[in-house]
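Contents: one structure, followed by commentary.
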């Protein structure tokens, strides 16, 4: 094969990889949008009821004031959800200081219904705030990929652990499960594109794209896993440099 043909093929593969990454980003963002719509339904409904009650009791200033104060609380809730979500719309934006706690919470929100349906025990260890210089949409995609892998591996009533902390001058995100684990022979291949242990249910792209994203942020992603009966489970550790001001 001529050198020019090899270069052309490499260029096409690079373009394909970029398009696949963007497609998965949009999939994560779309799923988040669906879950956000589900989450804002209750405060919107409550807001409508409170406005009706305030109008109906307009001749009672004390009641009207109480209803309007409660309405303001619902508006504050909606503003908080909207503010958290808007940052993920800019998936192609350059890295900027981002609260990783917000990213982790959004990733959990994407998969909350699966967590509930499988009665998963969720163990969270999140600080109040931890800022890193990242593209929030891409890091959301990584966290979502790791959570969905854990949920796929977990039986009903299994345990999913998510821990975020500052460690050794960086931010460390750990996502662990007590699922079936990864067979030893597959461990060297899990970050390869199109390698999957899920058969027709997996694309083999999630971990490969996640590794590419983390390394693009000058970070690392590591895995520890065991498939031994009674001791099975998998742990992914993502390390990212902190924002300069952190």
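The values are calculated or read from the model by the stated rules, or taken from the named source; none is laboratory data. All of these numbers come straight from a predicted model, not from anything done at the bench. Every residue, glycine as well, gets a Cβ built from its backbone with ideal geometry; the counts of neighbours run over all protein chains shown.
Only one of these is in the same structural domain as residue 120 (by TED's automatic domain parsing) and part of a strand (DSSP E or B): 185, 172. Name it. I'd like the intermediate steps shown before the answer.
Working: 185 fails: part of a strand (DSSP E or B).
One residue alone meets the criteria, 172.
Identify all residues within segment 170-207 that are closer than 30 Å to residue 128 by Cα and modelled with pLDDT of 80 or more; write none if there are none.
Filtering segment 170-207 for residues closer than 30 Å to residue 128 by Cα gives 170-179, 206-207.
Selection gives 170, 171, 172, 173, 174, 175, 176, 177, 178, 179, 207.
Could you check, for segment 122-131, whether at least one of its residues is out of contact with any strand residue (DSSP E or B) (no Cβ under 6 Å at 6 or more places or on another chain) and free of Cβ contacts under 8 Å to residues at least 24 places away in the same chain? Walk me through it before giving the result.
First pass over segment 122-131, keeping only residues out of contact with any strand residue (DSSP E or B) (no Cβ under 6 Å at 6 or more places or on another chain): 127-128.
Now restrict to residues that are free of Cβ contacts under 8 Å to residues at least 24 places away in the same chain: none.
Within segment 122-131, not a single residue is out of contact with any strand residue (DSSP E or B) (no Cβ under 6 Å at 6 or more places or on another chain) and free of Cβ contacts under 8 Å to residues at least 24 places away in the same chain.
Just one of 152, 117 is without any contact (Cβ under 8 Å) to a residue 24 or more places away in the chain and surrounded by fewer than 19 Cβ atoms within 10 Å (Cβ to Cβ); which is it?
Details: 152 fails: without any contact (Cβ under 8 Å) to a residue 24 or more places away in the chain.
Exactly one residue qualifies, and that residue is 117.
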